[in-house]
Amino acid sequence: MALWRGLRCCRRAFAWLPVLLIALLLLWSYYGYVCELCLVTVSNPVEKVAYLVVFHILFVLFVWTYWKSVFTLPIQPGKKFHMSYADQERYENEERPEVQRQILAEIARKLPVYTRTGNGGIRFCDRCQLIKPDRCHHCSVCAMCVLKMDHHCPWVNNCIGFSNYKFFLLFLAYSLLYCLYIAATVFKYFIKYWTGELTNGRSKFHILFLLFVAVMFFVSLMFLFGYHCWLVSRNRSTLEAFSAPVFQNGPDKNGFNLGFVKNLQQVFGEEKKLWLLPIASSVPLCLSALSQGDGHFFPMRTLSEARNPLLTNEEQWEEDGIDEEPQGKEISEISYPDPQWPIEELEELIKFKNYVGEVSEQL
């Protein structure tokens, strides 16, 4: 037991090495740019001041977004998604898989859960003992379920998900601009050192490596940031890009795609003036498709292409005399049912409405 605890402590300590490496590189880049380039190498005072002002703006934004990405903890599902003690006993004592699936289905009826496993069952985490909300996944590194999990990033030693995905995107953007700015302003003096116009040996070393490191990180960050921009434009997480979410009518990789502008608002919030700052910029909970919400429920693209538990198969729709919604129609907010809907569906929607009310009161 003591050996296992020691190994866990060592693993946690080693997990901070990438963060320490980035911190050291950032400190060295600050010294190299401010001291060796601006104070020693650049002779024009106007150019020197301009370089320093823009550099410090990008530096502050870089550090701020990186700090928020590292130290904003991922959010776990709320208590309503955890199984009660009685339900746990009933589920664990039952050996028949089909009965276990029925138990999970009964519990999930009280929750706004719309996605399924590959075989159509309720998404359940055995380790956390909870019903997984839509887009929630278990992180083996963090050892917990994370709302709208995107991936676990070793460079921030944190799980990127609903609580910090905006901060992570801004970190990528500002680190990209930081590297581009350093490379663009250092290049002229690199050429002067290369041609022998400048001869300061110590500064030459720092200028050379500033350019090399900035270009190297710029290239790698450009591909990573471009990939995440593509994901945001389609309202997908990294996990969903590799494995499409499954709804009651099957997998649909575009199930949460609301259109470009609404997809941006899902990540960055409703207040556009705060989009470029690592600050939460949305109301706590709203049924509007434009809201970030609380991470437990996400609006779906269309009624026909991303069916939820309130919508049954096409045959039942025909039996009940209800016409399908036309494809391509976006849902800007949750629609309330027609009075002719089946009683079961009305009960399900009432439960969901009550759940939203309870969460709103708690917030």
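For first residues located in segment 85-110 and closer than 15 Å to PHE124 by Cα and part of a loop (DSSP other than H, G, I, E, B), partners that are modelled with pLDDT under 90 and open to solvent by less than 100 Å² (accessible area, probe 1.4 Å) and lie 6+ apart or on another chain with Cβ distances below 8 Å form the pairs ARG109/PRO309; ARG109/GLU348; ARG109/LYS351; LYS110/LYS351; LYS110/TYR355. In summary, VAL113 fulfils each of the numbered conditions (1) open to solvent by 10 Å² or more (accessible area, probe 1.4 Å); (2) hydrophobic (A, V, I, L, M, F, W, C); (3) out of contact with any His (no Cβ under 7 Å at 6 or more places or on another chain) with the single exception of condition (1).
Residues are listed down the side, and each one gets a yes or a no for (1) under 30 Å from the mean Cα position of the chain (by Cα); (2) more than 27 Å from ASN157 (Cβ to Cβ); (3) free of Cβ contacts under 8 Å to residues at least 24 places away in the same chain:
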| site | (1), (2), (3) |
| --- | --- |
| ARG5 | no, no, yes |
| ALA15 | yes, no, no |
| LEU24 | yes, no, yes |
| SER29 | yes, no, no |
| LEU37 | no, yes, no |
| VAL42 | no, yes, no |
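Scanning segment 188-219 for residues that are more than 12 Å from TYR33 (Cα to Cα), modelled with pLDDT under 95, part of a helix (DSSP H, G or I) and in contact with a helix residue (DSSP H, G or I) (Cβ under 6 Å, 6 or more places away or on another chain) yields PHE190, TYR193. Annotation note: of VAL213, VAL261, the sole residue that is within 19 Å of CYS179 (Cα to Cα) and open to solvent by 20 Å² or more (accessible area, probe 1.4 Å) is VAL213.
If you take the residues in segment 24-54 that are assigned to a helix (DSSP H, G or I) and polar (S, T, N, Q), which one is modelled with the lowest pLDDT? Spell out how you get there, then give the answer.
Step one: list which residues in segment 24-54 are assigned to a helix (DSSP H, G or I), which gives 24-41, 45-54.
With polar (S, T, N, Q) added as a condition, the list becomes 29, 41.
On the way: SER29: 96, THR41: 91.
Top of the filtered list is THR41.
Among all residues of segment 58-65, there is at least one that is hydroxyl-bearing (Ser, Thr, Tyr) and either in a helix (DSSP H, G or I) or in contact (Cβ under 8 Å) with a residue 24 or more places away in the chain (or both). Taking residues in segment 235-255 that are under 17 Å from LYS132 (Cβ atoms), and partners anywhere that are aliphatic (A, V, I, L, M) and at pLDDT below 95, the pairs with Cβ atoms closer than 6 Å and at least 6 places apart or on different chains are PHE247/ALA306; PRO251/ALA244; GLY255/MET300; GLY255/ALA306. Residue-level check: of (1) out of contact with any helix residue (DSSP H, G or I) (no Cβ under 6 Å at 6 or more places or on another chain); (2) open to solvent by less than 50 Å² (accessible area, probe 1.4 Å), PHE62 misses just (1).
Scanning segment 114-153 for residues that are free of Cβ contacts under 8 Å to residues at least 24 places away in the same chain, out of contact with any Phe, Trp or Tyr (no Cβ under 9 Å at 6 or more places or on another chain), closer than 20 Å to GLY78 by Cβ and in a strand (DSSP E or B) returns CYS125, HIS138.
ARG127 satisfies every condition listed in (1) in contact with a Cys (Cβ under 9 Å, 6 or more places away or on another chain); (2) surrounded by 14 or more Cβ atoms within 10 Å (Cβ to Cβ) except (2). Among the residues making up segment 225-248, those that are open to solvent by 70 Å² or more (accessible area, probe 1.4 Å) and more than 15 Å from VAL261 (Cα to Cα) are TYR227, PHE242, SER243, GLN248.
The values are calculated or read from the model by the stated rules, or taken from the named source; none is laboratory data. Keep in mind the model is a prediction, meaning the values are calculated, not measured. Quick reminder, even Gly has a Cβ in these numbers, built from the backbone with ideal geometry, and neighbours come from all protein chains shown. Side chains are part of the model used for accessible areas, which takes the heavy atoms of the whole protein and leaves out ligands, DNA and RNA. Shrake-Rupley method; radii C 1.70, N 1.55, O 1.52, S 1.80 Å.
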